[in-house]
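Novice: Here it is, the structure, as structure tokens.
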Ligand code: FES
């Protein structure tokens, strides 16, 4: 059934359902191809700009209503696993609550590399950086395991879960 945003940001049954962001090639979560869909939220509870975490077993998924539509990705930052649901959604951009990393939900790409530096998805090294107004941290001695761990942490692209909207409910395909 179609929906219309109300003044409180929720939906009434008059406007089209929110669109779904297409899953970028190669970024669909393993095990979700052909997996059955299950209702995880109602459309009314996900107005534009809203995010919610849904969990099954040890898997946490973020369902977000971006400015381009609904999307579901791991609720784990691809840097060091912080929950996006504790961060911020700005248009189509997810801001991680740790290390200033941000990600574009339209293509899964890193928009702002984490302050700790590390490796891109392709393995290219990015150095640490200090946000404007931030205090520089004491340099770690060469060979320090923590510095080495930061430098070798690979920041992958987002991983996506198939979504659909049925009978005013948002349904997600969990991995088999
Ligand atoms: S855990 Fe998200 S930027 Fe570090």
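Novice: GNM on the chain, C-alpha springs below 10 Å: top fluctuator among 120, 93, 128?
Specialist: The residue that fluctuates most here is 128.
Novice: State, to one decimal in nm², a quarter of the convex hull surface area for the C-alpha atoms of the chain, i.e. the direction-averaged projected area.
Specialist: 11.7 nm²
Novice: In deg cm²/dmol and to the nearest 500, what is the mean residue ellipticity at 222 nm of the chain if only DSSP H runs of at least 4 residues count, each as -39500 (n - 2.57), divided by the residue total?
Specialist: Value at 222 nm, helices only: -1000 deg cm²/dmol.
Novice: Using 0.36 nm times the number of residues separating residue 39 and residue 88, minus their current alpha carbon distance, what extension gain do you get?
Specialist: 15.3 nm
Novice: Also, quick follow-up: Remind me, relative contact order of segment 99-153 in percent, using alpha carbon pairs under 8 angstrom and six or more residues apart?
Specialist: 28 percent
Novice: When the chain is modelled as a GNM with alpha-carbon springs shorter than 10 Å, which of 69, 143, 133 fluctuates the most?
Specialist: Of 69, 143, 133, the Gaussian network model singles out 133 as fluctuating most.
Novice: Determine the gain in length on full extension of the stretch residue 156-residue 58; use 0.36 nm per residue of separation and subtract their C-alpha separation, reporting nm with one decimal.
Specialist: So the chain would gain 33.3 nm between residue 156 and residue 58.
Novice: Once R0 is set to 22 Å, what does the formula 1/(1 + (r/R0)^6) return for the Cβ-Cβ distance between residue 140 and residue 120, expressed as a FRET efficiency to the nearest 0.05?
Specialist: 0.55
Values in this text are rule-based calculations from the coordinates and carry no lab data. All of these numbers come straight from a predicted model, not from anything done at the bench. All Cβ positions, even for glycine, are placed from backbone atoms using ideal geometry, and neighbour counts span all protein chains on display.
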